[in-house]
1. Quick one: of LYS11/LYS31; LYS31/LYS248; LYS68/LYS248; LYS68/LYS218, which pairs are farther than 28 Å apart, Cα to Cα?
2. Tell me, what is the FRET efficiency for ALA91 and GLN335 to the nearest 0.05, using R0 = 25 angstrom and their Cβ-Cβ distance as r?
3. Show me, for region 189-201, the HN-Hα J-couplings you get by feeding each phi into the Karplus relation (A = 6.51, B = -1.76, C = 1.60, θ = phi - 60°), rounded to Hz, glycine and proline as x.
4. Can you give me the Cα centroid spacing of region 159-221 and region 6-38 in angstrom?
5. Mind listing the Cα extents of region 1-63 along all three principal axes, in Å, largest one first?
6. Okay, which of region 73-89 sit inside 20 Å, backbone N to the point 7 Å along the Cα-Cβ direction of GLU61?
7. Let me know the whole percent of all Cα-Cα pairs from region 232-283 that are separated by more than 18 Å.
8. Report, in degrees rounded to the nearest 10, the 0 to 90 angle that the Cα long axis of helix 236-248 makes with the longest principal axis of the chain.
Amino acid sequence: MAKRLVVFNHKGGVSKTTSAYNLGWKISETKRVLLVDADPQCNLTGLILRDDFERYYLDAETRDQNIKDGVAATFTGRPSPITAVNCICPARAPNLHLLAGHANLSEYDAALTFAQTSNNAIATLQNLPGAFAELLRLTEDRYEIDVTIIDLNPGLSAINQNLFLVSDAFIIPTNPDPFSLMALDTLQTILPRWATWKAGAVDLFADSAYPLPSGSPKFAGTLIQRFNVRNGKAARPYRDNIAEIKAKVATTVVPALAHAGMTLDPAAYELLNDYCLGEIPDFQGLLPKSHDAGVPVFALLDEEIRETGPVLANAIERRDGFTGQFADISNKLLQMIDYA
């Protein structure tokens, strides 16, 4: 059975999509991975489809192979069961499968909100809370997936809540800035509240066509990203914010999650430094080159860097540094979700 990991922070601009993409690609070197794009902006889908993005949603063979159409029968009341979605894989990552997003996914948010707050009083809505979990399960089974990684949009919607709660583990990406500290204050309140709702809802929807899976997702660590480096370490303004984020996670976020049953066995966190999976500096000049090549920065070939001499040597050194860093983070993450 696949392990599901959700990448979530209700603050925008913290590299959620980039994290899901990079971690999914790296883990797919040893595991079969499903990337789920649950953000209506569809940036993760765009990273995989690239020039074929628009055609994918126009072509008759693929236009309904996405997360929204995958649950459409349930949300529109049609008498047909949910079936697995056909996924696509990047040419250079054949074990990485994409469940594409849809720009109109949020159309289902109002119905799901009503279903999740009606205490199953309306029979026509009882199948909605378990619909996304069923779509994931069937798609995971079709492709014999080992790890599913879900990219959510920055918000506290019912769809985000639902996909978060049907996962096994979650990571919180952050930037070293004061707004990430504010976001952590919100998450330490909202996430336990979501878990409490689910604990009471599993039995309510147990007799529906698509029951909610039991259990709460467990915290698997933070990522701290997008900062400049000076002399081999984060520049001073960022260092202070990094320290503040780690302190807040350790002193307030983790205790709040632990009280709600949303943490792993304490032994799992011995793998991490202050509950942090890794500190990832800005990709700088490697990022546009990776976009041109259609691969993460660590997967760039020497010739795709398109530089010569010392500039090429420096770029290769930085690429190789990211290669080692994402390998380390991915290995830690696989060990963490084994505890979940």
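None of the figures in this text is laboratory data; all of them are computed from the coordinates on show. Note that the structure is a prediction, hence the values are computed from the model and not measured. Cβ coordinates were reconstructed from backbone atoms using ideal geometry, including for glycine residues, and neighbour counts include every protein chain displayed.
1. Numbers: LYS11/LYS31 30 Å; LYS31/LYS248 33 Å; LYS68/LYS248 36 Å; LYS68/LYS218 26 Å.
The answer is LYS11/LYS31; LYS31/LYS248; LYS68/LYS248.
2. Values: r = 29 Å, r/R0 = 1.17.
Working from the Cβ atoms, E equals 0.30.
3. 9, 6, 4, x, 5, 4, 4, 5, 4, 5, 4, x, 8
4. If we compute the Cα centre of each part, the gap is 17 Å.
5. 31, 30, 20
6. What the label zone holds, given the 20 Å backbone N cut-off, is 84-89.
7. Values: 526 of 1326 pairs.
That fraction is 40 percent.
8. The angle comes out near 30 degrees.
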